[in-house]
Amino acid sequence: MRNSSPTVLFIFLFLFGITCCSISFAEVTGKIAGTVKDIQSGEGLPGVNVLVEGTALGAVTNVEGFYSIINVPPGTVTLKFSCLGYQVRTMSGIRVSVGLTSKVDAKLSSKALEIDDVVVVAERPVIEVDRTNTAAYMASEEIAELPVTEVAELIQLQAGVTQDAEGQLHFRGGRSGEVAYLVDGVPVTNRFDGGSAIIIENEVIQELQVISGTFNAEYGQAQSGIVNIVSKMPDSHYSGRLSTYAGSHLSRKSDIFLGIEDPMNNMEYNIQGNLTGPVPLSKKLSFYAFARYNQDGGWLNGERRYKPEDSWKVRVFEQWYNLNFPERYFGQYLPYARYADSLGLFSGDRSFVSMNASEKLSVNAKLYYQMAQNVRVFYNFFADRGENIIYNNAYRYAPDGLPTEHKKAFNHTVNLTHTLKSNLFYELNLSYFGENRKTYLYESAADPRYQDQVPSLLGYRFGGTENDREYIDFQNYLAQWDMTWQIDKVNLTKFGFSIKKFNLDYQEITTTSIPNSHYLPTTKWTTFAEFYALSRPPQLLVPGRNTLLNNLYTHKPLEFAVYAQDKLELGELIANVGLRFDYFEPDGVVPLDPRAPYNAVTGGLQTEFVKASKKYQLSPRLGLAFPISDRGVIHVSYGHFLQIPQFRYLYYNSEFELSSGYKETIMGNADLEPERTVAYEIGLQQQLATNFGMELTVYSKDIRNLLGQEIFDTLDERVYFRYANRDYGNVKGITVSVEKKPSGFLSGRLDYTYQVARGNASDPNAVFQANQSTRPAELQKQVIPLNWDQTHTMNGTLRVGDTKNWTVSLIGRLGTGLPYTADTPQERQLETVFANNERKPMTYNVDLCAQKYFKLGARNLVFFARCFNLFDTANHLQVFPSTGFADRTFRYPEQERIDSLNGVYQLSEIDARPHWFSEPRKLQLGVSLEF
């Protein structure tokens, strides 16, 4: 990172935002509207003051008694109605959600009736009459009672969201990177490789909004969905919460997971807390602070049979044995085990070592300043740092050779909200994000402990090290502004624009060795000790520039967007109409002649390079909602959605270096077009009974310009792959949700999704991967099920209890099997095999959370227990192509006999793939203190 440029550019964007009024792109507030009438005459009352208690927000009713209050933060609020000559009426428990209108009508009594001031608790509506798309909302109170610890677990609960075998989430059949993440109106999507760029902890969330279908014009750079998070605001009174828990796995699946039977092998420790209140000596400044530290021992253990340095000794042994005992029949394995102790081949202590342990620290700090009655400013800071080991099953018996990812990320945001009138306000956001990510085993690429040319047996390495290392330094600077204007009773208009500048520095290096620098003796009939003394290990080499093993680049793309949107409330008919314009400058070059021959000087293509073209597009959005009865609402929505491909694909191998091997090189493409989706949906919300509601949605998506690869043959007959907009897909589905709103002893929700997701390829690298196989699966001749095509998905939540005494909540998930490409003996007789021609087994899971509350004066003490995978289910997430199961592969009898004679591993160890199964049962016990 450069010392001065972040500060200079941030100041420039601040000045630019103030002078040009740049914009914000996500709704973080809601609206309250209604009519106030005289209780006797039934006529509208003009001049009634309507105030949101505890805030400066309010309105005065017009001649018809109508009022509207915009810019209301999400959560539960209280309204106060007052008018000269009438009793004061207070309504509490009013739920406000992001982007929605809470309708609150009131009737006032004349003071002449001598009635005391009236206090009413509002009922939460079962249906949302002004919602024109499919969206789910979760408030902080609901999140706190569920058996979840991460935001991804909340997202997965929503209808239309599926999880693939790698744990990636897919919204309505789209690829995993097609979702935009926003916090307090500011985009925090990781544009390099997808997901959220910063860690958002569940405890800082005031409201979570998940849009799994079409969405309004204010949202961009997303094709499939939006995750919009509103974080908690500082309070005017001191309060806080301190919580800690410890946990481990309680499982009997030791045949799958090494060492899992001992809970002490993989312990988890967590401590977190928050504090909010006014800043001392200041009446206008308040704060909110949160921190969480988590250390997790994982559940994928290795057994240290070999150390990294054993690899060279084993390599020398193989040479020595082959020279002295060449009379081995076909397929016979070397007798490693027979000589292991006498020759000292294996130096491991056979202890268990976690291969997916992690550690993280995350913080959030927010300052809120009420500059004036109509001006507020807040500063929001998120930061996280962590380390996690990158699992690789090849190192199961040499776990010390695995690399660790070291990540640091932060995000600064300054927000200014200026209310010009009661019906008009604007927001200005300035944001600076930075991430530094390093993945390596040893800090120096030239560390002599690295091993090269590592021998292996039956897929497992005899020691050795993972020699790849990756450095990512990524920043973006954002200035954005938007204006919300309730023009009249009918039109709520929003418009704005944003500008974002990125700075990406990337390097990928693989430590290798100088060719022919090692020496293996050819002398026969010597002892192994003498033979080993004559050997010389490879001399390590850190590759230089202009080589495939050293990929280095810097790019500074620019992004601009503008939108306009109007929400029309035409009596019972609601319409959301919007238009969005997106512009992107990739800051990259592409070869003028992609078939040019190899250039021995540069190591790449011998051609000129031209700047990648600028990209832009208009995207219309339309949503309608209208009632069919006093208990039912239908909505229809349509939209065009686009997304620039992730930067890792635009800029991969930006030096355009070629390998001397056949079909071994992949090149990025800075000239990629945006990926495009056209989506439609029609839905019905229906109130079934008091506090019971149902929602049915039918949707369809047509996806084009998806990222894939094309093959180029150079003039000197070298072959490489380049990313291109060549893939496509189509998704159709139905979601059904039934919900019992919180009231009394019981609440819950059940979601069902039927979906068909088809396309020509699931992975942007599918063409490259298919060409590495001896029997490539056909990719183009037909549309196939995508890897995450889960036909039937069901999620359910259930909560019972009294929040002042005890609660128990359950989460259940059920899904039919995902597709895979079978390679059975029958398939091996076929000339062509189509991808994803079979299905994996069904998966299911149940999680539980139990809480017990104790009152200690003004404080609350809560004991809790969370159990994940309650029934210790071993779901098969990945499978062997020959059997369709994760615990066994197919072998012909002769191959099974030969493999069983290897002398090092049992057949069950050869087939072990613990990372192909779902995480075993885990128990967490903890306590929290609220004050």
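The values are calculated or read from the model by the stated rules, or taken from the named source; none is laboratory data. Quick caveat, the model's predicted, so the values are computed rather than measured. Cβ coordinates were reconstructed from backbone atoms using ideal geometry, including for glycine residues, and neighbour counts include every protein chain displayed. Accessible surface areas use protein heavy atoms only, side chains included; no ligands, DNA or RNA. Shrake-Rupley method; radii C 1.70, N 1.55, O 1.52, S 1.80 Å.
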Handout entry: Which of 579, 522, 412, positive extreme of dipole for the chain (C-beta unit charges)
Key = 412
Problem - Sites residue 589 and residue 772, calculated FRET efficiency, Cβ-Cβ separation with R0 22 Å, nearest 0.05 - result: 0.20
Handout entry: Solvent exposure, largest accessible area first (probe 1.4 Å, DNA, RNA and ligands not counted), of 838, 309, 318
Key = 309, 838, 318
Fill in the blank from the handout: In the structure shown, of 37/489; 31/500; 232/283; 232/360, the pairs separated by more than 25 angstrom at the C-alpha atoms are 31/500
Problem - Solvent-accessible surface ranking, highest first, for 313, 31, 556 at 1.4 angstrom - result: 556, 313, 31
Problem - Enclosed volume per residue, in Å³, of the convex hull spanned by Cα atoms of the chain - result: 184 Å³
Practice task
Could you point to the residue in 816, 209, 649 farthest towards the positive end of the chain's charge dipole, with +1 and -1 charges on the Cβ of Lys/Arg and Asp/Glu respectively?
Solution key: 209
Exercise for the section: Run the dipole for the chain about the Cα centre, Lys and Arg Cβ at +1, Asp and Glu Cβ at -1, nothing else charged, and hand back the magnitude in debye, nearest 20. Expected result: 1060 debye
Problem - Cα-based convex hull volume of the stretch 822-931 per residue, rounded to whole Å³ - result: 143 Å³
Problem - Proximal aspartates and glutamates to residue 407, defined as alpha-carbon separation beneath 12 angstrom and excluding residues fewer than eight positions away on the same chain - result: 359, 384, 387, 435, 470, 473
Fill in the blank from the handout: To the nearest 0.05, the calculated FRET efficiency linking residue 927 and residue 373 through their beta-carbon distance, R0 being 45 Å, is 0.60
Practice task
Would you kindly derive the ³J(HN,Hα) couplings of the stretch 387-400 from the backbone phi angles with the Karplus curve 6.51 cos²θ - 1.76 cosθ + 1.60 (θ = phi - 60°), listing them in order in whole Hz, with x for Gly and Pro?
Solution key: 9, 8, 6, 8, 5, 8, 5, 5, 9, 4, 10, 9, x, 6
Fill in the blank from the handout: Probe 1.4 Å, all chains present, heavy atoms only: residue 570 accessible area in Å², nearest 10, is 90 Å²
Exercise for the section: Could you please report the charge total around residue 605, scoring K, R as +1 and D, E as -1 over all other residues with beta-carbon less than 13 angstrom from its beta-carbon? Expected result: -3
Fill in the blank from the handout: For the pair residue 700 and residue 444, the simple spin-label estimate (label points 7 Å beyond Cα toward Cβ) gives in nm 6.3 nm
Handout entry: Listed peptides 374-384, 342-352 by packing density, highest first (mean Cβ within 10 Å)
Key = 374-384, 342-352
Practice task
Along Cα→Cβ, 7 Å out, is where each label goes; now give me the distance between the ones at residue 319 and residue 530 in nm to one decimal.
Solution key: 1.7 nm
Exercise for the section: For residue 447, tell me the accessible area in Å² from a 1.4 Å probe, rounded to the nearest 10. Expected result: 20 Å²
Handout entry: Dipole magnitude of the stretch 135-233 about its Cα centre (Cβ charges: Lys, Arg +1; Asp, Glu -1), debye to nearest 20
Key = 400 debye
Fill in the blank from the handout: Relative to the compact-globule estimate 2.2 N^0.38 Å (N residues), the Cα gyration radius of the stretch 810-872 stands at a ratio of 2.17
Exercise for the section: Evaluate the distance, in nm, between pseudo-label points positioned 7 Å from the Cα of residue 471 and of residue 556 along their respective Cα→Cβ axes. Expected result: 1.9 nm
Exercise for the section: For the chain, with all protein chains present and a 1.4 Å probe, just round the carbon and sulfur fraction of the accessible area to a whole percent. Expected result: 57 percent
Handout entry: Cα-based Rg of the stretch 135-233 normalised by 2.2 N^0.38 Å, two decimals
Key = 0.99
Completion exercise
If the chain between residue 907 and residue 491 were fully extended at 0.36 nm per residue, the gain over the current Cα-Cα distance would be 142.8 nm
Handout entry: Angle in degrees between helix 5-20 and the longest Cα principal axis of the chain, rounded to the nearest 10
Key = 30 degrees
Practice task
Calculate, in whole percent, how much of the Cα-Cα pair population of the stretch 23-121 lies beyond 16 Å.
Solution key: 54 percent
Practice task
Starting from the residue with the highest accessible area, list 852, 360, 732, 283 in decreasing order, probe 1.4 Å.
Solution key: 283, 732, 852, 360
Exercise for the section: Rounded to the nearest 500, what is the 222 nm mean residue ellipticity of the chain from helices alone, with -39500 (n - 2.57) per DSSP H run of 4+ residues and division by all residues? Expected result: -2000 deg cm²/dmol
Practice task
Give the accessible area for residue 889 in Å² (nearest 10); use a 1.4 Å probe, count only protein heavy atoms, and leave out ligands, DNA and RNA.
Solution key: 40 Å²
Fill in the blank from the handout: Taking max minus min of the Cα coordinates of the stretch 663-778 on each principal axis, largest first, gives extents in Å of 75, 28, 23
Practice task
Could you point to the residue in 49, 90, 76 farthest towards the positive end of the stretch 23-121's charge dipole, with +1 and -1 charges on the Cβ of Lys/Arg and Asp/Glu respectively?
Solution key: 76
Handout entry: Student exercise, the stretch 23-121 dipole from Lys, Arg, Asp, Glu Cβ charges, in Debye to nearest 20
Key = 180 debye
Practice task
Just report the Cα centroid separation between the stretch 369-448 and the stretch 882-931, whole Å.
Solution key: 35 Å
